[in-house]
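Reviewing the structure listed below.
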Amino acid sequence: MLKLIGAAMVVAASGLSGLGIAGNYSRRPRELRTLRSALQMLETEVAYGATHLAEALVQVAGRCDRLVEPLFSRAAAELSSSSGVTAALAWENALINYYPGTALKPQDLSILRSLGSSLGISDREDQVKHLHLTMEQIKTETTGAEEEAARNVKLWSYLGFLGGLMIVLVIY
Amino acid sequence: MSATVNQTPAQLRCGDRVIQEILSALPGSIRRLVSALPLYVQEKVEEIRIRQGRPLVVGLSSKDSFLNPEGQLTGRAREAYQVTLNDMERLIHLISGSSLYALEEELRNGFITLPGGHRAGITGKAVLDGGRVRTLKYLSGCNIRISREIKGAATRILPYLIEGRCGIYHTVLVSPPRCGKTTMLRDLIRQLSNGIESLGFPGVTVGLVDERSEIAGCYKGIPQRDVGVRTDVLDGCPKAEGMMMLMRSMGPRVISADEIGRREDVDAIEEMLNAGVKVLVTAHGSSPAELADRPALGHLIRSKWIERFVILGRSRGVGTVEDIIEGKSMRSLGVK
């Protein structure tokens, strides 16, 4: 009886960690997509609304998916904290805060980072160009992430349980 | 970097109140130098000139002076703090609220209004579009002009400008640049709009066309300077068009504008005169006789509509009232 409970626990543990990894694979494309649509909103605010950056970030934070909301609301808060913070610094701080809680990869982080250095510092057309570039890069990453997810989500969710079963069989 | 950016509140508190307002617009290194100035110097600072790769200059009421890296005044340029590219970039970030793209109109005019009503004049390379300036890029020079409100600056001249119980005369303030014309106009507007108890003046609705955002110092449309409780401000609007708009929409008793001189300004003023609205404006010059020689203004002066000329100068410091002249007879009213 005790053996059976132990075996069930091994299967459950390894199955759940497999599901966790699979979850990460499926989360990344979702996060990238919401990031892209949030940047799209930012572009609209910048290009058509000519909204000040701090305000624009608040607007985006209010409307975007809650997956990326912390990034924008943090950047807005940093920027309007009146201690003489530049947009680049505010964005960087927000990213440092946001990144660890996500399924994003280092290359996604560096794409977002490079956006920070040009944020708010040039005229409208230039801002739009930079935002487009970032969105384009995110789109490429999204495609890659989706392929990866398609390959790995099923694999890991089975692999976890099957691996657990194998361990049980070996130990038995 | 963060040590210079996040100054402690104590550091920010000690010093001149007006200087405090612009400190948050300065990059850390320059902020430290300016806030290290002794209080009696801070009080006299009129402008801070920041030019990339060149010495940092502060304009004081009497002269201008360089600032050395220890935050002391110096007369020698090679001892002075040299403004770096990094300083300039941060400065642009801070004065624009990291939203340069939203300030194209301001860049076209060459200045940005800061919170507190101060203005940052900006130079760089002009980007042209069909022969007109579209925006500026490679911003490399900035002059932060500190606007100081002097309440009561106009108290002495008010008795000469008030007509009867609740009217005022059509008035032109005449002054060379940097003689306190704008400060005087702002205080006149404030007092006329609030009402003046000592003169039994009840206060009138004033319409102010603030084309260069200098008088009310609007930041996002809200006046940062006290221009009185009955004042409507049209910020950043061309004077001639703005006066007509205000007259039609807000029903003011007094219309005010700064630095008139173009043909269309004078035409708009004549329209106001015919509509029974009182006019309170300023013009560059040193005497009504000089104004009379100007192509557009001359016509207005010769038509004898203007009832009072207030001449400002610097003979006893900024904002000295040199004379007040009665417009019909062109005789001095004998102001000391």
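The values are calculated or read from the model by the stated rules, or taken from the named source; none is laboratory data. Since we're looking at a predicted model, the values are computed, not measured. Cβ atoms come from the backbone with ideal geometry, glycine included; neighbour counts cover every protein chain shown.
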Q.
Given the condition within 14 Å of another protein chain (Cβ to nearest Cβ), part of a helix (DSSP H, G or I), more than 21 Å from A:Q137 (Cα to Cα) and over 22 Å from the mean Cα position of the chain (by Cα), answer yes or no: does some residue in the stretch A:55-67 qualify?
A. yes
Q | Residues satisfying the stated conditions in the stretch A:83-118, i.e. surrounded by 14 or more Cβ atoms within 10 Å (Cβ to Cβ), within 14 Å of chain B (Cβ to nearest Cβ) and of a type in the set (A, V, I, L, M) | A | A:V85, A:A87, A:A88, A:L89, A:A90, A:A94, A:L115
Q: Go through the stretch B:89-103 residue by residue and tally those that are of a type in the set (D, E, K, R) and within 7 Å of chain A (Cβ to nearest Cβ).
A: 1
**Q.** Listing of strands (runs of 3 or more DSSP E) fully contained in the stretch B:85-197 that carry 1 or more residues being more than 30 Å from B:V277 (Cβ to Cβ)
**A.** B:111-113, B:119-129, B:132-145
**Q.** Residues located in the stretch B:172-212, provided they are among the charged types (D, E, K, R) and surrounded by fewer than 20 Cβ atoms within 10 Å (Cβ to Cβ)
**A.** B:R178, B:E197, B:R212
Q: Hey, could you check the stretch A:32-82 for residues that are surrounded by 21 or more Cβ atoms within 10 Å (Cβ to Cβ) and within 30 Å of A:L159 (Cβ to Cβ) and say which is modelled with the lowest pLDDT?
A: A:V68
(Q) Can you find a residue that is modelled with pLDDT of 90 or more, within 22 Å of B:N86 (Cα to Cα) and not polar (S, T, N, Q) anywhere in the stretch A:126-147? (A) yes
Q) Given the residues A:E31, A:E43, A:E78, which is the only one that is out of contact with any strand residue (DSSP E or B) (no Cβ under 8 Å at 6 or more places or on another chain), in a helix (DSSP H, G or I), of a type in the set (D, E, K, R) and away from chain B (no Cβ under 14 Å)? A) A:E31
Q) What do you reckon, is B:L161 within 14 Å of chain A (Cβ to nearest Cβ) and touching a residue at least 40 places away in the same chain (Cβ under 8 Å)? A) no
Q: Go through the stretch B:34-84 and count every residue that is under 20 Å from B:I22 (Cβ atoms), of a type outside the set (F, W, Y) and part of a helix (DSSP H, G or I).
A: 5
**Q.** Answer residue from the stretch B:227-251, given it is touching a Lys or Arg at 6+ places or on another chain (Cβ under 9 Å) and touching a residue at least 40 places away in the same chain (Cβ under 8 Å) and is surrounded by the fewest Cβ atoms within 10 Å (Cβ to Cβ) among those
**A.** B:G236
